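Notes for the one structure printed next.
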Amino acid sequence: MNEAGKLVMESIIETKAATIVQFMQGLRGSLHVTFEEGTWAAWLYDLLQPHVAKVVACNPRRNALLKDGNKGDRIDARKLAELLRGNHLQPVYHGETSLRMLKELCRSYLTVSKDLTRVMSRLKALYRVTKGETNDHPEAYQLYLKGRYYFDRRTPEALERAIEFFNQAIEKGPNYAAT
């Protein structure tokens, strides 16, 4: 919609970053974009900010004009464009992206820390279980390690060798093989 309120173009585009940016770069003039606040609003705001003159993410509950009349994506888009042109939209705050990035980094760090702690606990538990058993059955443990070596190769011949070593380990130390 242009400054006079005349509809210039209407398009439906794919919701992918590259498609949206390419579409915006293909348009001329000073671009003002609006959309309703929702799940992807922060992502879309950050994506559009460097490519347009003005971005307004608005609160759909405060847009009285959208409540009147027929509903539908095309009708809502035209009503939003009219409200933006008349400067009647209440923007929703979208702050600095650096704070959002910091939160995402902290969340990722916590996830990695929890995963690392879990893996280390498992390794320690396995070490504690096998520590005493290897001293009691060193031959069985060596056969088990050879079996693991061939098992990890994942070829038919290697799997047959792994089974042989595992069976020998069971014969040498039946209690060890059970753990």
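The values are calculated or read from the model by the stated rules, or taken from the named source; none is laboratory data. All values derive from a computational prediction rather than experimental measurement. Note that we place each Cβ from the backbone using ideal geometry, even for glycine, and neighbour counts take in every protein chain shown.
In this structure, is Ala77 small (Gly, Ala, Ser) and in contact (Cβ under 8 Å) with a residue 60 or more places away in the chain? Taking the combined requirement at face value, the residue satisfies it. Tell me, yes or no, whether the range 105-122 has at least one residue that is of a type in the set (D, E, K, R), modelled with pLDDT of 80 or more and surrounded by 14 or more Cβ atoms within 10 Å (Cβ to Cβ). Scanning the range 105-122 turns up no residue that is of a type in the set (D, E, K, R), modelled with pLDDT of 80 or more and surrounded by 14 or more Cβ atoms within 10 Å (Cβ to Cβ). For the range 17-55, filtering for residues that are assigned to a loop (DSSP other than H, G, I, E, B) and surrounded by 10 or more Cβ atoms within 10 Å (Cβ to Cβ) leaves 6.
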